[in-house]
Amino acid sequence: FEYRKMYNKPVSKSNSIYESQEEAADITPGMAVYLLSGEDASYSGMARKYRRVLERQGVLTRQEGVEQDIPLRVEAVAAEIRSGFLFNGTRTLTTLNQAKEIYQRLNTEGITNISFVMSGWQKGGLNGNRYGTTAIQRSVGTASGLRSLADYITGQGGHFSLGLDPIHINKSQGRISYLVDTTASKELSHYYLQNTAAMFQETYVISPRIAADMLTDLSRTLSDYDLSLDSIGKELPSDYSQKRSISRTDSLSLFVKTMAGIGEDRRVSVATPNAYLWGEIDEITSIPMMNSQFTMETDSVPFLQMVLKGYIPYYAPYANQGFYRQACILRTIEYGAYPSFLVMGAENSQLLKTPLVDRFSLCFDDWEGTIGTTYQRVNAALSAVEGAAMQEHRALISGVVRVKYDNGVSVYVNYNSDAVTVDGVTVEGLDFAVKRG
């Protein structure tokens, strides 16, 4: 528990000293210890116990009314800022008509349970819109067209959301000195990319109060839409500005209250949220699928997924951004995660001179076949456990795992190139098998 944070305190324009903060953090630490024995004395038992604790606290609620097929998340980037010689412009990547066509083509392939997200729809594009704007980029479509697209998708049995990032901006999106959080060292809070070719090397973190107020305002303006939020669940900044000083404890309470208010009458997805927001959201995106890779760790286990499965739906990182290899698809099945893809209607060459250039390949035409085959494969395994909770995860032999669910179904995943037989079930190389109870 960190009562006094260490930081570089500036003492002149060019010098600073490393010391602890003057006032202790306003926290009341607590720790609960549970003694587990028998079958519960394992990481599976630990996950089950933690899940029961969260259920009693009202943080987790069992899913109801789940559909037969698993959901597929498809995020379409509508527009993006483009660097120019004298002035920056906006590049259209997916029009509303193209978005509708993408949805229809996936429907034709038999994928009906689609969670469709439109990001970069604001004037200026994904990284070029002014912070807080809800004006739509005219080259993408109209406000009425956006509403029609949402109605069409929901009418076909899918889900439609608008993508927003209320807590991150770059220098082109607003007045940095006013909007951005101030650290204890009196610097603007930001992330810095080492890539000198990047269009924006700095990404700034918005002050907690401003982010919460803006999210509330946006949710009111966009009251007819479900929302897909990026980063607010994994950023918990303090602000040391003289005008708006706020601690991390205050930020936590503020974010929980804000999310509770905007999620009452709509579906809200959040990327990689921490536990304090689990009780206020409907879906989790970009859930972690790997461990830290430290040499002290011999393996990775889906502890987080064991806690959440059957309670909060969660999606793996974008499959077409490095997570589409055979082993990655098998891990998606092992971890009970749903597949997601980031796409656009334009050719990949349109990513040049934009902040999305490092995404390399987003063209839907190039990925349509992969989306279909990936979804069908994952659905063949996970549709048998829709709405069920994980009960046990175990490595039976090297490269072979078994995941048991509370509906009596077991899923076996074989990462080896040769077929194996375990529990009387033969699993082909680089494949999975489902055993029903």
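Yes or no: Asp224 under 23 Å from Leu162 (Cβ atoms), out of contact with any strand residue (DSSP E or B) (no Cβ under 7 Å at 6 or more places or on another chain) and part of a loop (DSSP other than H, G, I, E, B)?
yes
Looking only at region 56-84, filter to residues that are not hydrophobic (A, V, I, L, M, F, W, C) and not in a loop (DSSP other than H, G, I, E, B); which one of those is nearest to Ala337 (Cα to Cα)?
Residue satisfying both the conditions and the ranking: Arg73.
Taking the stated definitions as given, is Phe323 at pLDDT 95 or above, within 17 Å of the chain's Cα centre (by Cα) and of a type outside the set (S, T, N, Q)?
no
Does region 171-192 hold any residues that are assigned to a loop (DSSP other than H, G, I, E, B), over 15 Å from Pro237 (Cβ atoms) and either touching a residue at least 60 places away in the same chain (Cβ under 8 Å) or among the small types (Gly, Ala, Ser) (or both), and which are they?
Ser172, Gly174, listed by residue number.
Conditions tested, residue by residue: (1) of a type in the set (Gly, Ala, Ser); (2) over 22 Å from the mean Cα position of the chain (by Cα).
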site: Gly132; (1), (2): yes, no
site: Ser139; (1), (2): yes, yes
site: Ala143; (1), (2): yes, yes
site: Ile153; (1), (2): no, no
site: Gly157; (1), (2): yes, yes
site: Phe160; (1), (2): no, no
site: Ile167; (1), (2): no, no
site: Arg175; (1), (2): no, yes
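For the condition modelled with pLDDT of 95 or more, part of a strand (DSSP E or B) and over 23 Å from Asp250 (Cβ atoms), what is the one hit in Ser139, Ser161, Ser144?
Answer to the selection: Ser161.
Please go through region 117-133 and give me each residue that is open to solvent by less than 10 Å² (accessible area, probe 1.4 Å) and either β-branched (Val, Ile, Thr) or more than 17 Å from Gly89 (Cα to Cα) (or both), ordered by number.
Within region 117-133, Val117, Met118, Ser119 meet the criteria.
I want to confirm something. Restricting to region 395-426 and keeping residues that are open to solvent by 50 Å² or more (accessible area, probe 1.4 Å) and in contact with a Ser or Thr (Cβ under 7 Å, 6 or more places away or on another chain), which single residue is farthest from Ala47 (Cα to Cα)?
Looking at the filtered set, the residue picked out is Ala419.
Within the group Gln98, Gln137, which residue is within 29 Å of Ala337 (Cβ to Cβ) and polar (S, T, N, Q)?
So the residue among Gln98, Gln137 that is within 29 Å of Ala337 (Cβ to Cβ) and polar (S, T, N, Q) is Gln98.
If you go through region 128-141, how many residues are of a type in the set (S, T, N, Q) and either free of Cβ contacts under 8 Å to residues at least 40 places away in the same chain or touching a Pro at 6+ places or on another chain (Cβ under 6 Å) (or both)?
Counting residues in region 128-141 that are of a type in the set (S, T, N, Q) and either free of Cβ contacts under 8 Å to residues at least 40 places away in the same chain or touching a Pro at 6+ places or on another chain (Cβ under 6 Å) (or both) gives 1.
May I ask you to list pairs of residues, at least six apart or on different chains, whose Cβ atoms are under 7 Å apart, with the first in region 270-293 being under 20 Å from Cys328 (Cβ atoms) and hydroxyl-bearing (Ser, Thr, Tyr) and the second being open to solvent by 20 Å² or more (accessible area, probe 1.4 Å) and not in a loop (DSSP other than H, G, I, E, B)?
If the second residue must be open to solvent by 20 Å² or more (accessible area, probe 1.4 Å) and not in a loop (DSSP other than H, G, I, E, B), the pairs left are Ser286/Pro317.
Looking only at region 301-327, count how many residues are open to solvent by less than 10 Å² (accessible area, probe 1.4 Å) and not in a loop (DSSP other than H, G, I, E, B).
Residues that pass the stated criteria total 7.
Within region 82-92, take every residue that is open to solvent by 80 Å² or more (accessible area, probe 1.4 Å) and not polar (S, T, N, Q) and give me the one that is modelled with the highest pLDDT.
Within region 82-92, the match that is modelled with the highest pLDDT is Phe87.
Evaluate region 289-296: report whether one residue or more is part of a loop (DSSP other than H, G, I, E, B), open to solvent by 10 Å² or more (accessible area, probe 1.4 Å), touching a strand residue (DSSP E or B) at 6+ places or on another chain (Cβ under 7 Å) and not hydrophobic (A, V, I, L, M, F, W, C).
no
Restricting to region 30-81, and then to whatever is acidic (Asp, Glu) and within 30 Å of Asn97 (Cα to Cα), can you tell me which residue is most open to solvent (accessible area, probe 1.4 Å)?
Glu67
Does any residue of region 245-257 turn out to be out of contact with any His (no Cβ under 7 Å at 6 or more places or on another chain), part of a loop (DSSP other than H, G, I, E, B) and closer than 22 Å to Leu164 by Cα?
No, that holds for no residue.
Among the residues of region 331-350, is there at least one that is open to solvent by 60 Å² or more (accessible area, probe 1.4 Å) and of a type outside the set (D, E, K, R)?
Scanning region 331-350, I find at least one residue that is open to solvent by 60 Å² or more (accessible area, probe 1.4 Å) and of a type outside the set (D, E, K, R), so the answer is yes.
The values are calculated or read from the model by the stated rules, or taken from the named source; none is laboratory data. Only a predicted model underlies this, so the values are computations on that prediction, with no experimental measurement involved. Cβ: placed from backbone, ideal geometry, glycine included. Neighbour counts: every protein chain shown. With ligands, DNA and RNA removed, areas are computed over all heavy atoms of the protein, side chains included. Shrake-Rupley method; radii C 1.70, N 1.55, O 1.52, S 1.80 Å.
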